[in-house]
Structures are given as structure tokens and as C-alpha cells.
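*Asks:* Next up is a structure, given as C-alpha cells.
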Amino acid sequence: MKKIYYYSVFLSLLANCSLGQSSSENIRLNQVGFYPAASKIAIVVGEENTDFVLKDTKSKKVVFTGKLGEIRKSQYSGKAGRIADFSAFQKSGSYILEVPKAGTSYLFEIKPEIHKNVAIAAIRGYYYQRASAALPEKFAGKWARAEGHPDDKVLIHPSAVSPGRPESSMISSPKGWYDAGDYNKYIVNSGITMATLLSVYEDFPVYFKNLKTNIPESNNAVPDLLDEVLWNLRWMMTMQDPGDGGVYHKLTNPRFDGMIMPEACKNPRYVVQKNTIATLDFVAVMAQSARVFKNFEKELPGLSDSCKAAALKGWAWAGKNPSLEYHQNEMNKTFDPDIVTGGYEDKDGKDEWIWAASEMYILTKDEVYLKNISFETEKPMPLPSWSQVKALAYYTIIRNEKQLGPVDQQYLRSIKKSVIDFSDDLLTSLEKQPYHTVMGKNAKDFAWGSNAVASNQGIALIQAYKLTKSKKYLGAALGNLDYILGRNATGYSFLTGFGSKQVMHPHHRPSVADGIVEPVPGLLSGGPNPAQQDKCAGYPNNFADESFVDADCSYASNEIAINWNAPFVYLVAAIEAFYAK
Ligand code: 9MR
């Protein structure tokens, strides 16, 4: 054992060309690979101006030679790099890049459908997040596990009592996905997650029609992506108080579980305070689900109608309670037990109103829903996040434009313009960006869950591409996928299970507790976050684009979450759908 250890230390020392860094890490590229006909870019760290070569790993022959580009510097660290562009080379195979002084890249492939397994794995990530389900080996492989959190005896928290549901009474609220590295289930975060997954289905139905992901429902007549969505939809439906239509904020333990397996968790679970924003997010998801599942009436009889009824009921409740906010600390002053799990507190419900109203309007064609709504297209479009969902309304209006009446054409035009303006802004000065990505141009890109920022930028760019057919948007979206899979300042591929330098220690309870070396696959790590709220040891520095540590203590840079995987699923599936052709 010891001998092997010393030998491997010796080998890694040999491979190191600069302090603590292997030579491959000097060449930053999508570690999965490239499409034959698409752009192929690597960033070579350092200032050295040399040629580079592409070598076929089978024949060992040089198949392409190129010159590195001009120096580009990170606006955060000042570190320099140069671009190696080998897009002109289009032959399928497996390759490495060699750059004098910098070294040799990781091995990568060029082939059609290069990201197919990435797309499947990212969807399967949700299967692994299922609450109230055992995951047998047939579907979960070595990450098989017992059922956790049946959630069939969930307590009504004192903040959530209603005439039909007194304090400490119990409801059944099973299924759903665990939110993230923790085991709680939050309506607000489920909102944007479900919308994003339903939207990628709506935008690319043909792609998903036959995409099999090896889940228990794979053999039924519903596309796997929608089967997975149904797991969470069924849970969401139980989160509505049947008495009045209001929706609970979350289903949670009072405090986070330890770093233990789901089946080991025994803490009581509560549903907590109904509020306007959670209810509006719920309404939007139910309305979109009613639309999507209308096409599966035969397979899922009555589901669409149930979703529509839930949406109508929720909308009515929100109308009567238009600004009931969730403030966890305030709530804890009045009610026991204190709840200290994820807050998802949002002080501005304007965007949730716009989103829910748009979904209700498209579902019912009744203009009354838009009566008091302004799309605010005079302001720049905000990127979607759990607390900012206005753009989800834009995407829905654009997606359903054929169903709009003549009067609505005017706002349709301004909504389209907003999406295109947003994407044009992203593209400004792309040529100067250190990793040749739109991601990272602005410091605010490096928020908690920055990889979801990169993914959501990708979605906006794909919308702009669909509207204009201009390839520059699609190319930039692919650039953000390259960013996530390795062409970035950290050198990591951020999707568990993929890449030569992959994330191995996400803040994810099953991955920590299961005793298996590899983390649960198909989960997107949050990514660089200079706020470093977790104060975890091991951040390399404070530079925004490098503020990442692959350690399970780092919930602020290396957690996984359903609202981050979803835009990633959208981005990778859309890229596959476009480049497969
Ligand atoms: O994604 C959320 C991020 O925007 C917030 O800044 C952060 C702190 O409130 O919380 C994040 O969400 C976490 C949630 O509260 C609990 N489950 C894990 C989520 C991802 O870290």
C-alpha cells in the first residue's frame, strides 16, 4: 500500500510542471469533447506565444497544427492565457493537444452526439434525488440505496394551521426531489426547476420522445423526462391546502439532517406557512403542467384537469392574499419549533405575478389574467433564478406566440426584443474574455450557484438563436457548456461523473455518506462563488472566477441543487438537439 502511494506521489511530481498543477491543467477545455462541425477551443494558461498541435491518440500522429491567439487576461486574477482554436479540424476520433511549455491536455473525443451521455446523466441526477423511494441497483447502479423520507406523516407547523388542518395534525406529502445537498423540499425552488424542465420538453419534444434514461418508468409511453417531472409534480400537488388553495412554503425538518443517508434520517417533518410567492410559483407550474400533460390524456387520464383545477384554486388564494411574504426569522419569533433550513425568502413578488399570470393566460386564453400585469420590457431582462422568474413569463409567451390574439402582438414584439437585447449584451466583447465565454464577463455572474448562471445564460442565448437563427448565439451557448465541462479558471469539469478533472466531493449528503468513492453522478456543482459563505478551508484565493473548492464542507461553492441541474439539462439537451442534425 505504502509503496504504491510513494510511487504515485513520484509520478504526480513528475507530471507537475508548476506548483501543484499537472501539465494538463494548463490546458483548459471541455473535458468531454467536441462536435465534428462545431467550434473547438482550448485556453492555454500563461503568456508563452507558440504553436500547438493536435495528436490522434491512436495513430500518435499530428493531425492539426495551429498558432495560439493573443494574450487574454482574467479581469479577476490578472492571470494570462491564450486561445487554441482547432475548429477547422472536423474528423471524429480521440485526441490530445500538445503545447510547448504548457504541456499535454487531457484526452478528449470529437464525435457526433458527444454530449448525449451528459444529457442523460443530468436528467438521471433527478432520479437520484427522489424522496420516498428506494433506488434499486438496476437503475441506480452502485449508488443503490434504501428509501428515505416517506413523508406520509408530515406535521402541520403552527405557522400553517387552517380550519381543516389544526396544529400537529398530519398530512401525507410523499415523493418530490430532495432540493440539493440537503433533504428538504421547497416549493419556491421546485417552481423554477419544474418550469425549466417542462420548458426544455416543450421546446424540444422530438429530442425527448425516445430519450431513455434507465428509470423505473422508462418502459411506459411517457417520455422519461416527463416521468421524472411527474415525481415532483405529484408531491407539489400535495402542498396545496385543499381547504383554501394556498400553498405551503416547504416541507422540512426544523434543522438540517446530518451528513447521513436518507434512510437514516428520523427527524419530524413539517409543512410550513402558506404564502403568496410559493403559491404563485405553484400556480405557474400547475398551469404549465396542465398544458404539457394535456397531450398525455390517454396515459395520464385526468392529470391535466387536476393541474388546471389546482392552478385556478391557487390563483384565487393569491388574489385574496396578494402580499403575504415568508420571513423565517419573524415566523420563528411567533411559532415553535424554530425552522432554520433553507429560507428561499423573496421580498419582491412582482415577477412571480407576471409569470403566473402569463401561464394562466396561455392555459385559459382569458385576457383577464393580464389585466394588471406589465411585462416591463423597458427594463433589461433579468436572468432567471429562484427569486427572479420574470423571464420565464417571456419564454412562455414566445413559446406560445401562435396562440396570442392580434392585440397581444405588440408586447410579443417587445418581449422578443428583450431576449435578443439580453443576448447581444452577453456577446459584447466576447473576443476579449479570458475563456472566450459570455459566462464570467460580469462579476455578478459569480453568485451562489454560478454554474446555473452560466446555464441560464445558455438558455437565453438558445431562445435568441431560435428567434433569429443567428449562429453566434448558439455558439456562445455551446461556449458556456464548454465552460461548465472544463474551459474555466478552476480547471474543473463541474458535472459529477464527467471529465478528467471532475468534482469528487460535492456537498451532497448521499455522496458523503454512502461510502462509495465516486459521488452520485449527473449532479452539477454550484461553482465559483467569491462570497465563500461556508468559510470552508481550501479555497485557492479570493478571485471570483477561482473561488471554488472541491470539498464537501463547501456548500457555497460545491453543493448541488435541483434548480442548477435543470438549466444545465436544458442547455445540454438543446445543444444536442441542434448539433445532432
Ligand atoms: O441557491 C440558494 C442561494 O441563492 C442562496 O443565496 C442560499 C442562501 O440562502 O441558499 C441557496 O439555496 C440553498 C437552500 O437554501 C437550501 N438547500 C440548498 C440550496 C443550495 O445551496
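Derivation of every value follows stated rules applied to the coordinates shown; laboratory data play no part. Only a predicted model underlies this, so the values are computations on that prediction, with no experimental measurement involved. Note: ideal-geometry Cβ built from the backbone for every residue, glycine included; neighbour counts use all protein chains shown.
*Asks:* Which distance in Å, rounded to a whole number, links the C-alpha centroids of region 531-570 and region 406-432?
*Replies:* 30
*Asks:* Helix 562-579 versus the longest principal axis of the chain: what angle, 0 to 90°, nearest 10, using Cα atoms?
*Replies:* Between helix and principal axis, roughly 60 degrees.
*Asks:* For the chain, what's the radius of gyration and Dmax over Cα atoms, in angstrom?
*Replies:* Cα-based Rg and Dmax for the chain come out at 24.0, 77 Å.
*Asks:* Going Cα to Cα from residue 111, which lysines come in below 16 Å? Please leave out same-chain ones fewer than 8 positions away.
*Replies:* 40, 55, 58, 91, 581
*Asks:* Which value, in debye to the nearest 20, gives the size of the charge dipole of region 301-373 about its Cα centre, when Lys and Arg are +1 and Asp and Glu are -1 at the Cβ?
*Replies:* 340
*Asks:* Sorted by packing (mean other beta-carbon atoms within 10 Å per residue), highest first, where do 352-361, 541-550 land?
*Replies:* Answer by packing, highest mean first, reads 352-361, 541-550.
*Asks:* When only DSSP loop residues count, what chymotrypsin sites (Phe, Trp or Tyr not before Pro) in region 379-478 have their Cβ near at most 13 other Cβ atoms within 10 Å?
*Replies:* none
*Asks:* So what are the three principal axis dimensions of region 116-428 from its Cα atoms, in whole Å, longest to shortest?
*Replies:* Cα spread of region 116-428 along its principal axes, largest to smallest: 56, 47, 44 Å.
*Asks:* Please go through region 321-364 and write out the trypsin sites (Lys or Arg not before Pro) that DSSP classes as loop and that have at most 11 other C-beta atoms within 10 Å.
*Replies:* Those satisfying the criteria are 347.
*Asks:* Please grab the % of Cα pairs in region 232-387 that end up more than 18 Å from each other.
*Replies:* It works out to 63 percent of all Cα pairs.
*Asks:* Tally the DSSP beta bridges in the chain and give the antiparallel ones as a percent, rounded to 5.
*Replies:* Rounded to the nearest five, the antiparallel share is 90 percent.
*Asks:* Then there is this: If you average the C-alpha positions of region 300-326 and of region 461-490 separately, how far apart do those two centres end up, in angstrom?
*Replies:* Centre-to-centre (Cα) distance: 35 Å.
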